[in-house]
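Heads up: the structure comes next, in structure tokens.
The values are calculated or read from the model by the stated rules, or taken from the named source; none is laboratory data. Not measured: the values here are computed from a predicted model. Cβ: placed from backbone, ideal geometry, glycine included. Neighbour counts: every protein chain shown.
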Amino acid sequence: MPPRTSLVLLEFNELTPALMDRFIAEGILPNFVRLRETSQVFTSDAEEQEPYLEPWIQWVTVHTGVPYSEHRIFRLSEGHKLQHRNVWDLVSKQGHAVWICGSMNANRENSTSGYLLPDPWSADLTPQPEALLPYFRFVQQNVQEHTNDRVPLIRSDYLQFMRFMIAHGLSANTAISIFRQLLSEKRTGTGRWRRAFILEKLQFDLFSAVFRRIKPAFSTFFLNSTAHMQHLYWRYLEPERFTLPLDQKKELEYDSSIREGYEAMDQLLGRMLALVGKEAIVMLSTALSQQPCLRYEEAGGKRSYRPKDFARFLSFVGITRPCRAEPVMAEQFWLRLENDCDATDVELKLAALKVGQERAFLAKRDGYRVFVSCSINHALPDDATLRIDGSEQSTPFFDVFYALGEGSKSGMHHPDGILWIRHPARTHEVHQERVPLLSIAPTILDLLGVDKPEYMKGESLFRNPTGRPFSGQDAEVAAQARRRSA
């Protein structure tokens, strides 16, 4: 039996309730206003604290209805290790097509039908079908190396990508945006950070083409650009909340970056609402949000560093065994070896790297892979030296590494998230009580008429708007919710 309607889960990563309210009040987000005024409005609660408050953890919780204490997916690019079913697997099992577009730390069962585009940090999950590979590889290189001076792509890569996009929904809107962006960069020498918005327009074009082709019962659409802007540029949006003085040149360039991110997402939201139609159920979830990061101000702000060239870095460390670097976010990356023994050797060698008396890296072996991140998060002098402890081998730090971003990190995670659900009935209500992320997966299944598995402990918000297991005092509230959703 087909589901009663299609459902689209908009995964706009880490949009912040306070900033959403601020920009709505400024009148620059008309499509978010349109969605909110026809939705059940909730604030979600990730119910986690550091170090477990990370989007690659929370999105797995959203997709499975299982908390971190059970799914145990702790790092980005670990989705392939998931032992629970995602909601799309359960929907597909009922014979319905699904379209999973960019969802973070995704996984799939072999029997899942439809399309799946992994997030660009994924190293162990390939697109389904393989026809999506040209898009996936191109975007992966651009996202993983966006902080580098040069993305490791050649002319033929760009030509192959453009041929793919022309065959898969490239819109005039996106083509014009690409032209204007490149022209602006050439004329001003600034604004490269706006390329993130172009990539998301390309992703929407691809989403649209596949959505029209397969008419999925359930689909997801993940965007991350604004989360990235908040992490890097919050101090330029609200300089009065920070103590470090601003570089005036950088302030002129970045003071509008977060606002532009919300506006870009608002425009894509408008196009999405037109695409899916009035009868589709639309859920907007951010999983978590952000807040100003003030804890590093006295130390001059948080800095992050990353290898300029992984081959050169591995050579300096003395890693001679076959090894592949797989960048993830910011200063983090995986090193993939051929066996556990080689991975243990690499872990030990990385532990010996120091800058002064400070350990340079955190490295954790996971089978034949090693998860690595630079452990130095303060400003280093230009003449800083990277050395191997116990030997005379050293090199200038900035010959091998570069500082990420245009300054120090100024946004950090917060457990609150936006959760709006537009049902075809268009009933609008603002719920004051926070609801757990665990309630999202059961709500999706309920709205699509798919039975909830026993391991999901949350409740459908259309059966109990607290999202939690029933208790005596919830009975009347639950009954009212069922009448609203009928």
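Points to keep in mind about this one:
- The residue that is nearest to A280 (Cα to Cα), among those in segment 223-241 that are touching an Asp or Glu at 6+ places or on another chain (Cβ under 6 Å) and not hydroxyl-bearing (S, T, Y), is L223.
- A single entry from R212, R163, R195 fulfils the requirement of being of a type in the set (D, E, K, R) and within 25 Å of S113 (Cα to Cα): R212.
Listed here are the residues, each with its yes/no results for (1) in a loop (DSSP other than H, G, I, E, B); (2) buried (at least 17 other Cβ atoms within 10 Å of the Cβ); (3) outside the structural domain of S460 (by TED's automatic domain parsing).
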site: I376; (1), (2), (3): yes, yes, yes
site: L380; (1), (2), (3): yes, yes, yes
site: R387; (1), (2), (3): no, yes, yes
site: I418; (1), (2), (3): no, yes, no
site: A425; (1), (2), (3): yes, no, no
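- Within segment 100-130, the only residue that satisfies the criterion of being under 21 Å from V8 (Cβ atoms) and aromatic (F, W, Y) is Y115.
- Residue count for segment 4-31, restricted to those that are in contact with a strand residue (DSSP E or B) (Cβ under 8 Å, 6 or more places away or on another chain) and under 30 Å from I214 (Cβ atoms): 11.
- Applying the set (1) within 30 Å of P239 (Cβ to Cβ); (2) touching a residue at least 24 places away in the same chain (Cβ under 8 Å); (3) touching an Asp or Glu at 6+ places or on another chain (Cβ under 7 Å) to F398 leaves exactly one unmet item: (2).
This table checks each residue for (1) charged (D, E, K, R); (2) crowded, with 24+ Cβ neighbours inside 10 Å; (3) in contact with a Phe, Trp or Tyr (Cβ under 8 Å, 6 or more places away or on another chain).
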residue	(1), (2), (3)
S6	no, no, yes
I28	no, no, yes
R36	yes, no, yes
I57	no, yes, yes
P67	no, no, no
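- Restricting attention to segment 272-300, the residues that are part of a helix (DSSP H, G or I), touching a residue at least 60 places away in the same chain (Cβ under 8 Å) and surrounded by fewer than 17 Cβ atoms within 10 Å (Cβ to Cβ) total 2.
- Strands (runs of 3 or more DSSP E) wholly inside segment 35-119 that include at least 3 residues being over 17 Å from the mean Cα position of the chain (by Cα) and of a type outside the set (G, A, S): 40-45
- Residue in segment 454-471 that is farther than 22 Å from D45 by Cα and at pLDDT below 95 present: no
- Within segment 196-235, tally of residues that are closer than 14 Å to E253 by Cα and over 16 Å from the mean Cα position of the chain (by Cα): 3
- Residues located in segment 311-332, provided they are in contact (Cβ under 8 Å) with a residue 40 or more places away in the chain, surrounded by 17 or more Cβ atoms within 10 Å (Cβ to Cβ) and either in a loop (DSSP other than H, G, I, E, B) or touching a Cys at 6+ places or on another chain (Cβ under 7 Å) (or both): V328, M329, A330, E331
- Residue within segment 242-250 that is more than 24 Å from T16 (Cβ to Cβ) and touching a Phe, Trp or Tyr at 6+ places or on another chain (Cβ under 7 Å) present: no
- Taking each residue of segment 416-436 that is among the hydroxyl-bearing types (S, T, Y) and looking for partners that are outside any loop (DSSP other than H, G, I, E, B) with beta-carbon atoms closer than 8 Å, six or more apart or interchain, yields T427/Q40; T427/R484.
- Residue within segment 28-40 that is without any contact (Cβ under 8 Å) to a residue 24 or more places away in the chain and in the same structural domain as R271 (by TED's automatic domain parsing) present: yes
- Test: residue in segment 345-360 that is at pLDDT 90 or above, touching a Leu at 6+ places or on another chain (Cβ under 8 Å) and closer than 30 Å to E253 by Cβ: yes
- Flag: H80 does not match the condition of being under 25 Å from P327 (Cβ atoms) and either among the acidic types (D, E) or at pLDDT 95 or above (or both).
- Failed condition for F179, given (1) surrounded by fewer than 16 Cβ atoms within 10 Å (Cβ to Cβ); (2) outside any helix (DSSP H, G or I): (2)
- Candidates Q141, Q128, Q160 - the one that is under 19 Å from W88 (Cβ atoms) and polar (S, T, N, Q): Q128
- So T220, is it within 24 Å of L90 (Cβ to Cβ), of a type outside the set (K, R), buried (at least 18 other Cβ atoms within 10 Å of the Cβ) and in contact with an Asp or Glu (Cβ under 8 Å, 6 or more places away or on another chain): yes
- Whether a residue is assigned by TED's automatic domain parsing to the domain that holds A131, surrounded by 21 or more Cβ atoms within 10 Å (Cβ to Cβ), more than 25 Å from M412 (Cα to Cα) and touching a Leu at 6+ places or on another chain (Cβ under 7 Å) was assessed, and F211 passes this test.
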